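Can you keep this structure in mind? I'll have questions shortly.
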Amino acid sequence: MRSFFILIYAFCFGIVLGSNIEVPFPSSWRSVHNGDWIISFFDDNVIYGNRFWEYQKDTLFNVITISHDKIDLPIKMKALGQNRYEIKVGENNYICQQITGNTLPDYPTKDLRAKLKDNHFQIGDSVTIIGWLKDMPAKLMEKDKQFSVQYRNVLTENNETFAADMDSLGRFQLKFPLVNTAQFFIDWGRCNLVLPLESGENYFLLVDFKDNKRLIMGHDARLQNEILATESAYNVFSFDIQYIISDTLSETSFNAYMRTIDQRGDSILRNNIKRRPNLSQRWFYYTKWRWKMHCAFNIGQSRFNNRPFSLPQCAESCAKRYWDQLPKPYSVYSDQSTFIVDYINGAFNSTRNESDFVHDMVTACDIQLTPEETLGHALYLEQNRANMQQIRLLNVTEAQKLRMQWREDHKEVCSFYVELKKKYGVDSLLQRNKSFYLFHRYAHFLDSICYNQELKDICMTRLFLEDLIRTKTSLPQRTIDQLKKYIHNPSLLERVFLRSDMYKPKDADLRTENSLVIPLDSLMNVNEGVGLLKKIVEPFRGKLVLIDFWGTWCGPCRAYLAKSQQEYQALKDYDIVYLYLANRTPDQAWKNAIREYNVQGPNVVHYNLPEVQQSAIEHYLNVTGFPSFRLIDKQGNLYKDKVNPRNLPEFISILQNIQ
């Protein structure tokens, strides 16, 4: 609803302020001195200081008064000539020009800062985005009434999404945690913006669908506005890089191909600078490394086309150049995060030797080999090295044949190796200290490949967090005692400790009014799949039962469990019992996952069956992958086809047909 002032004084496309000054309305204004977006006037509100302000009804003839959260500010405007206005908002004076384009024009001065903000992974940092998707078509609003952002967390390699509801006009406010400055995919599928957001910053985003205008307001939003106003070099390269790489391609040919991509990218950078001479150093740094890291990402992904998942020789030197020049902070680009994982794991796989674990285990577990044993083990490693190089190039069947043949040809040294393992109980130690051994080995490897402690800290933190998220089990005290040897950054250490504490055994039982964990007494001595299934679903006759086969070790399972409450809400009208059967999941990890993902409700049931019973049900229902789903109708019969509630429209259609 328009304010009293606007109803009286707005006419045509202008408003009158002060001494008969006609100002275009609606309009947006930027500072002449620093180029920032300062203020915008619209029908029902004003955007200023990263906020929405409402017009006051008791406006004087020559003054606009705006209000936000019980704060009133008067606004005066004065024409200065040459399309410049003095705008006074409260006590702040600005010399402004109207923004007539879709984005901010070139800034008036250079910004020589080169790097993006780095908070060194400080805990507690966040970003706030207030915004307006103005004049959004009804179809787009109906498609999704939430504004969302997503980024790749470099510490977990997971995509994290945050969302906020929009009002009927498309306005929203979203505050979310951020580990460090990162590249975000903003309102993907509608606004389709890709922008870096810096830790601790507040932004106002205006996307005007009618006028195709995109503006960002903030204390330090120049980089984001420059990205919106320029052509991205990201689009210059072929997305086929990872597919042309092979062992038959020469390094010379591949380097020549990459030079053409570099030239095309550099040309786009130069053209942007020619059109906008004052583009900041931060824009140049961010834009250049965005497309270079995408090249690196494609090179890293090529290892999955090459056994044993290591980089083909033609791309090794190029990947090494990218690795040696990784831009900081290491958290910025989603492609860079994946490249770091691919490069390290590719190098790790190419140097692994299945017999090395004896040496690593005795080192990790403080076992001392005698001089004779040390010499014998070194001989075994030397003789086995060439064999392992051949094995890595073969498929599984051929590799197994070659391994058996080698053992037959080297009986004496293999016998020594087996006896050495038995003497020190290496297999038993490995089973009891699997994670500890992995951390030790990985840290030793990172010492040889990471060129600074910061990069090693990130890689080790990721390893610990991945293990915790996968196992849902707190770290043993022995590993905790060693953490400071592996990770030097206090904030990253604290992140690992906090995650580990999440999975410490809890005193409270999961049996609450909001969930049901079934005791296994009633299923004793029932080991046939058909009988187990009948016994489990029998209490829920008259209801639909959705069975979810999952495990804490399964990444897609965890991702789906995290959305359980949204699923329950979307299907609340169908009288469904959600029955979860955990596969190969330790009891404490099982309970921790249920708590962490809030897989609870009055119609939610959990079983953690013994392995024999779980396998029997899975075999009976032909479960071959995870997560898997089966549907039981209200008469207790198994629905004829497999179902997938992750495809919600299709699943709802099935429910409607069997009701």
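Through the Karplus equation 6.51 cos²θ - 1.76 cosθ + 1.60, θ set to phi - 60°, convert the phi angles of region 560-571 into ³J(HN,Hα) values in whole Hz; use x for Gly and Pro.
6, 4, 4, 9, 4, 5, 5, 5, 4, 5, 5, 10
Go through region 161-203 and name the chymotrypsin sites (Phe, Trp or Tyr not before Pro) that are in a DSSP coil and have 15 or fewer other Cβ atoms within 10 Å of their Cβ. Can you show the working numbers first?
Working: sites: 162, 172, 184, 185, 188, 203; in loops: 188.
When the chymotrypsin sites (Phe, Trp or Tyr not before Pro) of region 161-203 are filtered for loop state and at most 15 Cβ neighbours within 10 Å, 188 remain.
Check each of the trypsin sites (Lys or Arg not before Pro) in region 560-659 and keep only those in coil by DSSP with at most 15 other C-beta atoms within 10 angstrom; list them in order. If you can, show how the numbers build up before the last one.
On the way: sites: 563, 572, 584, 591, 595, 630, 634, 640, 642, 646; in loops: 563, 584, 634, 640, 642, 646.
When the trypsin sites (Lys or Arg not before Pro) of region 560-659 are filtered for loop state and at most 15 Cβ neighbours within 10 Å, 563, 584, 634, 640, 642, 646 remain.
Just flag the trypsin sites (Lys or Arg not before Pro) in region 170-213 sitting in loop per DSSP whose Cβ has no more than 12 other Cβ atoms within 10 Å.
On the way: sites: 171, 175, 190, 210, 213; in loops: 190, 210.
Loop-located and lightly packed - 210.
Using each residue's phi in region 178-190, evaluate 6.51 cos²θ - 1.76 cosθ + 1.60 at θ = phi - 60° and report the 3J(HN,Hα) Karplus result to the nearest Hz, with x for Gly and Pro.
So the J values, rounded to whole Hz, are 9, 5, 5, 3, 8, 7, 10, 9, 9, 6, 5, x, 9.
Also, quick follow-up: Convex hull over the Cα atoms of region 173-282, averaged projected area in nm²? Don't skip to the answer; put the middle values down first.
On the way: hull surface 39.6 nm².
That works out to 9.9 nm².
Given a 1.4 Å probe and the protein chains all in place, what does the accessible area of residue 71 round to, in Å² to the nearest 10?
Only protein atoms counted, so the area is about 80 Å².
Right, next: Let a ≥ b ≥ c be the square roots of the eigenvalues of the Cα gyration tensor of region 283-347; is it rounded (a/c under 1.5), or, if not, prolate (a/b larger than b/c) or oblate?
Values: a/c = 2.27, a/b = 1.98, b/c = 1.14.
Prolate shape, in that a/c is at least 1.5 and a/b is the bigger ratio.
Mind grabbing the accessible area of residue 530 for me, 1.4 Å probe, Å², rounded to tens?
80
Using the structure shown, list the pairs from 110/274; 117/472; 591/634; 145/642; 175/288 with a Cα-Cα distance above 21 Å, or answer none.
Values: 110/274 14 Å; 117/472 33 Å; 591/634 29 Å; 145/642 31 Å; 175/288 29 Å.
The answer is 117/472; 591/634; 145/642; 175/288.
Continuing with the same structure: Quick one: Cα centre-to-centre distance for region 462-481 and region 124-179, in angstrom?
31
The values are calculated or read from the model by the stated rules, or taken from the named source; none is laboratory data. All of these numbers come straight from a predicted model, not from anything done at the bench. When we count neighbours, we look across all protein chains shown, and the Cβ atoms used for this are built from the backbone with ideal geometry, even at glycine. The accessibility values were calculated without ligands, DNA or RNA, using every heavy atom of the protein model including side chains. Shrake-Rupley method; radii C 1.70, N 1.55, O 1.52, S 1.80 Å.
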